[in-house]
Amino acid sequence: MADKLLGEFLILALLLIICGRVFIIKRSIARSGAVLAPITFLLSLIQLFTWGLTVQDMLLCLLSFIILFGNIHALTRLANSLYIDYFSPIFVIFSIIMSICIIAVGAILFYLRPAKVQPEKLHAEVSKLLLYGETITSMEPVTSWKQFPPSVLWTFTPSSDKKHKDPVILFLPDPRAETDRYKPYLLSLAGSGYTVLSADFYTRDFLWFNSILDYPPLRRTALIFKSLQEPETYSRLADNHTAEFTAQFEQLITVARQRFGQEVRFYLITDGSPTHALTYIAQKYPYYTAGIYSIQNNSVHKTPGYGFINATDPVEAWLMGIREFDQDLFMTRYIALKTPIPKAAE
């Protein structure tokens, strides 16, 4: 999430340069600054589709578009080598207002910045593998850019100086959050000595809307809006996907057995929507299941089903009414510490 924040501040800095050029005395330099407007708008679109439709990135995209629209006349004159030595009063006022908006947005994003997650400080390591398959059970490593959308398999392991413990933890995130918003929690578990496998599935047999909203940049935000605006409808929709969640857990079991052997024992964790699938897996694999746990049962977890957004996405948490943020990851690490992994299985 730190890379995302850097991208947001880069866009804000470029927007501020574009609007601030009305204060530059040397007009030849000021005029050429208009070429940054389309570049910045393009960067905001890339940011949007790289990290998904977050509120802050949609706001940056809107600001970039407004500033691009306000600079169309300047761009047109620049393209035709029609130079002027002054800015109109209306354009100066527009630029000042937009500069104030940019500074205000920057201040808000800085105040509500995500916690800095450093795997090495949590004594853990993380890697991810892109997978592709038409169905949940047909996943293979991605070999071509044409294999879209890819699913993602995450592996969290203890650092080399930590003693590895059993069982292997299999984590299935709520699709309203995805693994990235559980990352501090999973790294904390790995730092305690456990290997953790997690996956974000995007397959044709795991569709929620049967539309473009099922694509990676859109699905998470669409599901959040659905669950907040129509909670009962979303609840029924999630229950209808219990079979798919169960299949996803089974796919994680397959990966664990490929890596650690057929006799590997696993501890199942989830949050929110996939919770009902835990019981089905435990009943099907009673000997190999060391235990099951849903994070939503921990009262310290303030946003069940949405991940640890009070640490990873405070803007989203604030919009949901959360005012207690976790910048130092204390609450997240506490929840990881209180995860009831059986002592006998260590």
Two decimals, Cα atoms only, Kirkwood Rh: what is Rg/Rh over the range 51-121? 1.16
Length released on extending from F49 to E263, taking residue separation times 0.36 nm less the Cα-Cα span: 73.0 nm
Answer check: the range 213-346, Cα atoms, Kirkwood Rh, Rg/Rh ratio of 0.99
Could you give me the ³J(HN,Hα) list for the range 200-217, computed from phi with Karplus coefficients 6.51, -1.76, 1.60 and θ = phi - 60°, whole Hz, x at Gly and Pro? 10, 9, 10, 10, 5, 9, 9, 9, 10, 10, 6, 8, 4, 5, 7, 6, x, x
At I103 and K163, where each label point lies 7 Å from the Cα along Cα→Cβ, what is the point-to-point distance in nanometres? 5.7
Orientation-averaged projected area, Cα convex hull of the range 261-339 (nm²): 6.2
Counting sequence-distant residues (5 or more places) and residues on other chains, those with an amide H built under 5 Å from that of A124 are S159
Quick check: Cα centre of the range 282-325 to Cα centre of the range 194-210, how many Å? 17
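When only the heavy atoms of the protein chains count and the probe is 1.4 Å, how do T50, T246 rank by accessible area, highest first?
T50, T246
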Rounded to the nearest whole number, the per residue volume of the convex hull around the C-alpha atoms of the range 149-209 in Å³ is 81
Which peptide among 107-114, 314-321, 144-151 comes first, and what is the full order, when sorted by highest mean count of other Cβ atoms within 10 Å? 314-321, 107-114, 144-151
Once the convex hull of the alpha carbons of the range 133-252 is built, what does its volume come to per residue, in cubic angstrom? 121
For the chain, the Cα-Cα pair-distance distribution in 10 Å bins from 0, as whole percents, is 5, 23, 28, 21, 12, 7, 3, 1
Mean shadow area of the range 90-140, taken as a quarter of the surface of its Cα convex hull (nm²): 8.2
For A277, what is the net charge nearby, where nearby means another residue's Cβ is under 14 Å from its Cβ and Lys, Arg count +1, Asp, Glu -1? -4
Amide H to amide H under 5 Å from D205: which residues, 5+ apart in sequence or cross-chain, H placed 1.01 Å off N in plane? I136
Name the long-range amide H neighbours of Y132: under 5 Å, sequence gap of 5 or more, or other chain; modelled H, no Pro or chain starts. E140, V142, S151
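Take every DSSP beta bridge with both residues inside the chain and express the antiparallel ones as a percent of the total, to the nearest 5. Could you put the intermediate results ahead of the total?
Numbers: 15 of 28 bridges.
Approximately 55 percent, going by the DSSP bridge assignments.
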Each residue of the range 44-56 in order: what ³J(HN,Hα) in whole Hz does its phi give by Karplus 6.51 cos²θ - 1.76 cosθ + 1.60, θ = phi - 60°, with x for Gly and Pro? 5, 5, 4, 4, 5, 8, 7, 9, x, 7, 7, 4, 5
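How much length would be gained if the chain were fully extended between K338 and E134, taking 0.36 nm per residue of separation minus their Cα-Cα distance, in nm to one decimal?
The span from K338 to E134 would gain 69.7 nm if fully extended.
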For 96-104, 178-186, ranked highest to lowest by mean beta-carbon neighbours within 10 Å, the order is 178-186, 96-104
In sequence order, what are the phi-derived ³J(HN,Hα) couplings for the range 99-115 according to the Karplus relation 6.51 cos²θ - 1.76 cosθ + 1.60 with θ = phi - 60°, rounded to whole Hz, with x for glycine and proline? 4, 5, 4, 4, 5, 5, 4, x, 5, 5, 5, 5, 5, 9, 6, x, 5
What pairs from K163/K302; K163/K338; K121/K338 go past 22 Å between their alpha carbons? K163/K302
Could you order peptides 327-336, 234-243 by the average number of other Cβ atoms within 10 Å of their residues, highest first? 327-336, 234-243
Where is the GNM fluctuation largest for the chain (alpha-carbon springs, 10 angstrom cutoff): L228, L59, L43? L228
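Relative contact order of the chain: what whole-number percent is it, with Cα pairs under 8 angstrom and at least 6 residues apart? Before the final figure, lay out each step's value.
Numbers: 537 pairs, mean separation 59.3, N = 346.
About 17 percent, as a whole number.
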Which of the lysines could a cross-linker span from K4 if the Cα-Cα distance has to be under 17 Å and same-chain partners fewer than 8 positions apart are dropped? K116, K183
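The values are calculated or read from the model by the stated rules, or taken from the named source; none is laboratory data. Remember, it's a predicted structure, so these values are computed and weren't measured experimentally. Ideal geometry is used to build each Cβ from the backbone, glycine not excepted, and the neighbour counts take in all protein chains shown. Protein only, heavy atoms only, side chains kept; ligands, DNA and RNA dropped before computing areas. Shrake-Rupley method; radii C 1.70, N 1.55, O 1.52, S 1.80 Å.
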